[in-house]
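The values are calculated or read from the model by the stated rules, or taken from the named source; none is laboratory data. Bear in mind that the values here come from a model prediction, so they are computed numbers and not experimental data. Positions of Cβ are generated from backbone atoms using ideal geometry, with glycine treated the same way; all protein chains shown enter the neighbour counts.
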Amino acid sequence: MRFSYIGPQIEELLGWSPASWVSVNDWAERIHEEDRQKTVDFCVAQSQQGVDHEADYRAITRQGDYVWIRDVVHVVRGPDGSVDSLVGFMFDITARKQAEDKILQLQRELELLSYRDSLTGIANRRMFDTLYAVEWAKARETGHPLSLVIIDIDYFKQYNDHYGHMQGDECLRRVARVLDAAASHPGKLCARLGGEEFVLLLPGTDAKAARNEAERCRKLLSQQDIPHARSGVGRLLTVSMGIGTIVPGARDDSHVFLDRIDRRLYQAKSAGRDRLCDVEA
């Protein structure tokens with residue numbers, strides 16, 4: 001467990017002189033504390049078993065910085081086959097690690113973008129589908145209620161025709177901001193399903209609370225005073241909503257429940273729009 005030879009290159013790499021490397025403890029103490037235990041445990045165990053091995057870890061320099069190191073260790077055996085000594089080589093892999101980290105960061109950013117609606121900045125249909133499945137399973141297991149509110153902007157085609165698509169896009173962004181802020185409580189999600197349709201996913205929310213949440217969203221949107229000269233229900237932008245609550249049982253189907261809420265939305269639209277529907281006809 002003591003070094004018999006340390007190459008002079010170690011000082012250029014880490015700043016520690018060859019004479020300062022006496023035992024395995026010196027090596028261990030110069031490993032970043034977050035990597036130390038697992039690296040030491042692995043390398044010592046492999047060495048004692050007489051197995052060649054490699055390990056990547058952050059080594060601390062004499063200046064207090066760190067360098068990513070790959071240790072490649074070869075076991076030298078005596079005539080009787082027992083472990084006689086170890087020959088190790090240190091390689092600076094910092095540049096490669098930085099490149100790998102950058103790739104991982106870009107992958108995470110890309111994944112986040114894949115769950116984000118590019119126009120409004122809120123969650124998209126993919127994010128809703130993913131979390132809806134998770135919350136459905138959780139509600140089934142815990143016996144807690146799960147509520148959905150599907151929201152559609154009334155006469156949005158006429159809005160686009162009258163004000164133009166750029167103004168229509170800005171309208172969608174304003175509606176999304178209001179709904180997303182209203183659903184900012186932990187566990188709740190606001191997502192754009194597509195077009196002018198949005199959804200609120202409300203885990204742990206009973207029917208009364210879901211209706212109150214929907215009414216609050218309608219009130220907040222009406223306070224925006226968004227003009228809509230071609231609306232069939234007034235001179236301001238309005239929305240229609242379908243609402244539903246369920247405690248999922250073993251035989252219930254999440255797709256059937258979602259379709260039921262969608263039908264309630266269209267009941268609200270058929271009944272004159274600018275309203276909500278939480279009971280199927």
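What to note about this one:
- Meets criteria (closer than 24 Å to ASP262 by Cβ, in contact (Cβ under 8 Å) with a residue 24 or more places away in the chain and in contact with a helix residue (DSSP H, G or I) (Cβ under 8 Å, 6 or more places away or on another chain)) for ALA182: yes
- The residue that is farthest from the chain's Cα centre (by Cα), among those in segment 135-175 that are of a type in the set (Phe, Trp, Tyr) and farther than 18 Å from PRO248 by Cβ, is TYR163.
- Residue-level analysis places VAL134 among those that are surrounded by fewer than 16 Cβ atoms within 10 Å (Cβ to Cβ), out of contact with any strand residue (DSSP E or B) (no Cβ under 8 Å at 6 or more places or on another chain), of a type in the set (A, V, I, L, M, F, W, C) and modelled with pLDDT of 90 or more.
- Test for GLY143: is it closer than 17 Å to LEU265 by Cα, in contact (Cβ under 8 Å) with a residue 12 or more places away in the chain, loosely packed, with under 15 Cβ neighbours inside 10 Å and not basic (Lys, Arg): no
- Where GLY242 falls short, out of the listed (1) in a helix (DSSP H, G or I); (2) closer than 23 Å to LEU131 by Cβ: (1)
- Hits in segment 253-276 - residues which are within 28 Å of the chain's Cα centre (by Cα) and assigned to a loop (DSSP other than H, G, I, E, B): ASP253
- Test for LEU104: is it of a type outside the set (Lys, Arg), surrounded by fewer than 12 Cβ atoms within 10 Å (Cβ to Cβ) and outside any strand (DSSP E or B): yes
- Residue in segment 182-194 that is surrounded by the most Cβ atoms within 10 Å (Cβ to Cβ), counting only those that are modelled with pLDDT under 95 and not hydrophobic (A, V, I, L, M, F, W, C): LYS188
- Comparison of VAL83, VAL51, VAL75, VAL22 shows that the only residue that is β-branched (Val, Ile, Thr), over 37 Å from the mean Cα position of the chain (by Cα) and modelled with pLDDT under 90 is VAL83.
- Elements of type helices (runs of 4 or more DSSP H) in segment 111-218, at least 2 residues being among the polar types (S, T, N, Q): 125-142, 156-163
- Of all residues in segment 65-97, those satisfying the criterion of being within 17 Å of VAL24 (Cβ to Cβ), surrounded by fewer than 16 Cβ atoms within 10 Å (Cβ to Cβ) and hydrophobic (A, V, I, L, M, F, W, C) are VAL72, VAL76, VAL83, VAL87, PHE89.
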